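Report on the following structure.
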Amino acid sequence: MHSYLIMYLSLFLAVVFLTGCVSSTLEDTKVADESFDKPSTSVEEDKGDRRSLEEKVQDSFVSMVVDGDYVQNLTYKVPNGEARISVEVLIEKGVVKKFTLSPLNGNHEISNNYIANAQEKLLTLIIGKRVEDITIPKNVGGSSLTTGAVKRYFESLLSKK
């Protein structure tokens, strides 16, 4: 009987000991898990821009398209041949102040309607925005072909900087 008592007492102590180890391990794990939930300020600082103010200003000047009034005639393919448009963009301090899209002579009437619709809708996407911030979707005002020509034109302005 004495041996059973020692065995039960040993078993009890082993269970208490193991339970204590497991709970302290769980607490350690909980602390470690909580550290993943909180953002580390050092990681956020590493993501930041470490350039000086002078470098940031210089980069913004380099990225801007030169101010001016840009006018160009564009030709692009349409189902019945080609359409021709005139694009005028006035840029001041890197921001588009004026945008005009005009059909040129010789276009089919349907093409001219698409050009007019695109002109109307593109104004809200372009006026008042920095050239490098302009995003032109695939289809504006029902005209994917005119929109594509205008998008390529703005991309060419950015490549000339």
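The values are calculated or read from the model by the stated rules, or taken from the named source; none is laboratory data. These figures come from a predicted structure and were not determined experimentally. All Cβ positions, even for glycine, are placed from backbone atoms using ideal geometry, and neighbour counts span all protein chains on display.
Taking residues in segment 118-131 that are under 17 Å from G142 (Cα atoms) and assigned by TED's automatic domain parsing to the domain that holds K97, and partners anywhere that are assigned to a helix (DSSP H, G or I) and hydroxyl-bearing (S, T, Y), the pairs with Cβ atoms closer than 7 Å and at least 6 places apart or on different chains are A118/T146; A118/T147. Residue-level check: of (1) closer than 16 Å to Y153 by Cα; (2) among the charged types (D, E, K, R); (3) touching an Asp or Glu at 6+ places or on another chain (Cβ under 8 Å); (4) modelled with pLDDT under 95, K93 misses just (1).
Among the small types (G, A, S) and more than 19 Å from K77 (Cβ to Cβ): is that true of G148 in this structure? Step through it out loud before you land on a result.
Numbers: among the small types (G, A, S): yes; more than 19 Å from K77 (Cβ to Cβ): no.
Spelling it out, it is not the case that G148 is among the small types (G, A, S) and more than 19 Å from K77 (Cβ to Cβ).
If I filter segment 75-88 down to residues being of a type outside the set (S, T, N, Q) and out of contact with any Ser or Thr (no Cβ under 8 Å at 6 or more places or on another chain), which single residue comes out as nearest to L123 (Cα to Cα)?
If we take residues in segment 75-88 being of a type outside the set (S, T, N, Q) and out of contact with any Ser or Thr (no Cβ under 8 Å at 6 or more places or on another chain), then K77 is nearest to L123 (Cα to Cα).
Exactly one residue among V150, V96 is surrounded by 18 or more Cβ atoms within 10 Å (Cβ to Cβ) and touching a Lys or Arg at 6+ places or on another chain (Cβ under 8 Å), and that residue is V96.
Here's the yes/no breakdown for (1) under 17 Å from R84 (Cβ atoms); (2) over 26 Å from the mean Cα position of the chain (by Cα); (3) not in a helix (DSSP H, G or I):
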| residue | (1), (2), (3) |
| --- | --- |
| F99 | no, no, yes |
| S102 | yes, yes, yes |
| A118 | yes, no, no |
| T124 | no, no, no |
| R152 | yes, no, no |
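Can you say whether V78 is exposed (fewer than 12 other Cβ atoms within 10 Å of the Cβ) and either at pLDDT 90 or above or in contact with a strand residue (DSSP E or B) (Cβ under 8 Å, 6 or more places away or on another chain) (or both), as far as the supplied structure shows? Working first, answer last.
Working: exposed (fewer than 12 other Cβ atoms within 10 Å of the Cβ): no; either at pLDDT 90 or above or in contact with a strand residue (DSSP E or B) (Cβ under 8 Å, 6 or more places away or on another chain) (or both): yes.
Taking the combined requirement at face value, the residue does not satisfy it.
Do we find that E54 is in the same structural domain as N105 (by TED's automatic domain parsing) and modelled with pLDDT under 95 in this structure? So E54 fails the test.
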